Amino acid sequence: MSLIVHKYGGTSMGSPERIRNVARRVTKWARAGHQIVVVPSAMSGETNRLLGLAAELAPARATTEYHRELDMLAATGEQASSALLAIALQAEGMPSVSYAGWQVPVRTDSSHTKARIESIDDQRVRADLDAGRVVIVTGFQGIDELGNITTLGRGGSDTSAVAIAAAMGADECLIYTDVDGVYTTDPRVVPAARRLTTVSFEEMLEMASLGSKVLQIRSVEFAGKYKVPMRVLSSFTPWDIDLAEEAQSGTLITFEEDEKMEQAVVSGIAFNRGEAKVSVLGVPDSPGMAFRILGPVADANIEVDVIIQNISKDGKADFSFTVSQSDFARTLDLLRETVLPELGAKEVVGDPNICKVSIVGIGMRSHVGVASKMFRVLSEEGINIQMISTSEIKTSVVIDEKYLELAVRALHTAFGLDQETA
Ligand code: ADP
Ligand code: ASP
Ligand code: MG
């Protein structure tokens, strides 16, 4: 008998009919003799609906009190879907019980709306499993040491599922979603994208951090840290397909490199529309300038991504970096009000209409010329590269947002990732 964690995303839980389908699938697994913990997301659209109600009442504020209430609110989405799934399972004749994060408990730190899981007590869940029940634990939420409900950031149910799998020593964590695995790039943007049967943990980590939202990045970090076997697969296959076939479907995240080395140099292309560029122009070129610009940005809790500084002319340099679009206005205000007057720079300008496109592959470690091929492909399409950032297994460029699809498709073809068509 093995212990398996199933996670179902919002679309998979999106209607009573779909919840019934999930219940039947889970019952199939349980009746085959497996102990099953299910981690559902809120029904699709529900988290946005709840957060939208809050925004109607008051503009977003960066205060702990406000974020605490957002967590109280958003956590109800998963509480509802979990109870509905338990009801659907019971209707299938499958004994089942659902728990909110605080009842387990899933303990987190106190960073409301982006809390980190610290520990999970598995006693209650294990007792139910041993009594023959399917146990449902809400995704996306936990409780801090003061008893406040917290949430883990958007897409956080993936992380709940992997963390529960790690805490319980589960044999596998199956992430059921609305696509049938991890693709070479988002199949909704590039129809020629190809499903990967395996992807290395490191590549998955890069793809998630560079914008592929198929898995929340923290879930991949957890899987890597605790070596949780993890698979991404479709919840839209008929619930009664052969279990052995289902268990081998989708994309497996692997921890060994060797078998991958033979494969493509570039395994996937990730992109992120959600960034904005900020430039400080005419910065006096003297020691400490990067710190004097980015220090206050960091103090304001604003995360900076790609950074470039150009060569100075006449003792002045331009300094540019990207931030999340949601931090764009705040960053501009901060730099204009506090940094600009003190620094003696010329002006602060910004561009919210940029995006970041990245090629990812562990094969890049052992191959030269991959980045230059990327730059050539983009230049052949007439796309100007505004910023570049590289690591051992990825190269990212910042370009005008209007070229996003063109860039991703051209790179997808050039690196041989397109599906073979019959
Ligand atoms: P869920 O609600 O199940 O958590 P998400 O919407 O969070 O689902 O993630 C699944 C979506 O991720 C897909 O519908 C797809 O559009 C998108 N996606 C982005 N990049 C990729 C990729 N490389 N492979 C597969 N899906 C991707
Ligand atoms: N319901 C949450 C969200 O929409 C968490 C999740 O679905 O993973 O972000
Ligand atoms: Mg998701």
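Values quoted throughout were computed directly from the atomic coordinates according to the rules given, and no laboratory measurement underlies them. Note that this is a predicted model, so its numbers are computed, not measured. Here the Cβ is made from the backbone with ideal geometry for all residues, glycine too, and neighbour counts use every protein chain on show.
Put simply, the C-alpha atoms of the range 229-355 give a gyration tensor, and the ellipsoid matching it has half-axes of 46, 18, 12 Å, longest first. Output the relative contact order of the chain, whole-number percent, from Cα pairs under 8 angstrom with separation of 6+ residues. Once normalised by length, the contact order is 14 percent.
Tell me whether the range 338-422 comes out rounded, prolate or oblate; compute the Cα gyration tensor, take square roots of the eigenvalues as a ≥ b ≥ c, and use a/c under 1.5 as the rounded threshold.
On the way: a/c = 3.12, a/b = 1.91, b/c = 1.63.
In terms of gyration-tensor shape, prolate.
For the peptides 348-355, 213-220, the ranking by mean Cβ contacts within 10 Å, running from highest to lowest, is 213-220, 348-355.
Of 329, 230, 250, which is farthest along the charge dipole of the range 191-330 in the positive direction, counting Lys and Arg as +1 and Asp and Glu as -1 at C-beta? Most positive-ward Cα: 329.
So which GluC sites (Glu not before Pro) in the range 313-413 are both in a DSSP loop and have at most 16 other Cβ atoms within 10 Å of their Cβ? Show your work: numbers first, answer last.
On the way: sites: 337, 342, 347, 380, 381, 392, 401, 405; in loops: 381, 392.
Here the sparse-neighbourhood loop sites are 381, 392.
When only alpha carbons are used to place a centre, the range 173-203 and the range 324-368 end up 28 Å from one another. Considering only 239, 168, 384, and ranking their Cα positions along the charge dipole of the chain that arises from unit charges at the beta-carbon of Lys, Arg, Asp and Glu, the one farthest toward the positive end is 239. The orientation-averaged projection of the convex hull spanning the C-alpha atoms of the chain amounts to 22.8 square nanometres.
Taking every DSSP beta bridge that has both residues in the range 150-279, what percent is antiparallel when rounded to the nearest 5?
Numbers: 4 of 12 bridges.
Antiparallel: roughly 35 percent of the beta bridges in the range 150-279.
Coordinate range of the alpha-carbon atoms in the range 318-388 per principal axis, descending: 46, 26, 23 Å.
Between 96, 85, 55, the Cα set farthest toward the positive side of the dipole of the range 27-112 (charges on each charged residue's Cβ, about the Cα centre) is that of 96.
Mind running the shape call on the range 1-63? Use the C-alpha gyration tensor, a ≥ b ≥ c as the square roots of the eigenvalues: rounded below 1.5 for a/c, prolate if a/b tops b/c, oblate otherwise. Because a/c hits 1.5 or more and a/b fails to exceed b/c, the range 1-63 counts as oblate. All C-alpha pair distances within the range 30-158, sorted into 5 Å bins from zero, spread as 2, 12, 20, 21, 18, 13, 7, 4, 2, 1, 0 percent across the bins.
Once you have a ≥ b ≥ c as the square roots of the Cα gyration tensor eigenvalues for the range 135-180, tell me rounded if a/c is under 1.5, and otherwise prolate or oblate according to whether a/b is larger than b/c. Walk me through the intermediate numbers first.
On the way: a/c = 2.75, a/b = 1.47, b/c = 1.87.
Note, shape of the range 135-180 comes out oblate.
Under a Gaussian network description of the chain, with springs only between Cα atoms under 10 Å, the residue in 396, 98, 379 that fluctuates furthest is 379.
Which value, in debye to the nearest 20, describes the size of the charge dipole of the chain about its Cα centre when Lys and Arg Cβ atoms bear +1, Asp and Glu Cβ atoms bear -1, and nothing else is charged? The partial results should precede the final answer.
Values: 41 positive and 56 negative charges, 77 e Å.
For the chain, the charge dipole is close to 360 debye.
Of the peptides 298-307, 276-285, 185-194, the ranking by mean beta-carbon count within 10 Å, highest at the top, reads 276-285, 185-194, 298-307. For residue 148, the shell of other residues with beta-carbons less than 12 Å away shows a net charge of -4, using +1 for Lys and Arg and -1 for Asp and Glu.
Estimated from helices alone, the mean residue ellipticity of the chain at 222 nm is -10500 deg cm²/dmol (sum of -39500 (n - 2.57) over DSSP H runs with n ≥ 4, per residue). Relative to the longest principal axis of the C-alpha atoms of the chain, give the angle of the C-alpha long axis of helix 370-380, reported between 0 and 90° and rounded to the nearest 10°. Helix 370-380 sits roughly 70 degrees off the main axis of the chain. Helix 46-57 and the longest principal axis of the Cα set of the chain meet at an angle near 60°. Of the beta bridges in the chain, as assigned by DSSP with both residues counted there, near 65 percent are antiparallel.
Mind putting a number on the dipole of the range 1-139 about its Cα centre? Charges go on the C-beta only, +1 for Lys and Arg and -1 for Asp and Glu, and I need it in Debye to the nearest 20.
Working: 16 positive and 14 negative charges, 100 e Å.
Here the size comes out at about 480 debye.
Once the Cα atoms are used to define both axes, helix 64-91 deviates from the longest principal axis of the chain by about 30 degrees.
Please state the charge dipole magnitude for the range 296-417, taken about the Cα centre, from unit charges on C-beta atoms (+1 on K and R, -1 on D and E), reported in debye and rounded to the nearest 20. Provide the component values of the computation, followed by the final result.
Details: 12 positive and 17 negative charges, 112 e Å.
So the dipole magnitude of the range 296-417 works out to roughly 540 debye.
Considering only DSSP states other than H, G, I, E and B, which trypsin sites (Lys or Arg not before Pro) in the range 44-121 qualify as loop sites with at most 12 other Cβ atoms within 10 Å? List each step's numbers first, then the result.
Details: sites: 49, 61, 68, 107, 114, 116; in loops: 61, 114, 116.
Answer by residue number: 61.
Spatial offset of the range 88-129 relative to the range 35-80 amounts to 17 Å, using the alpha carbon center of each.
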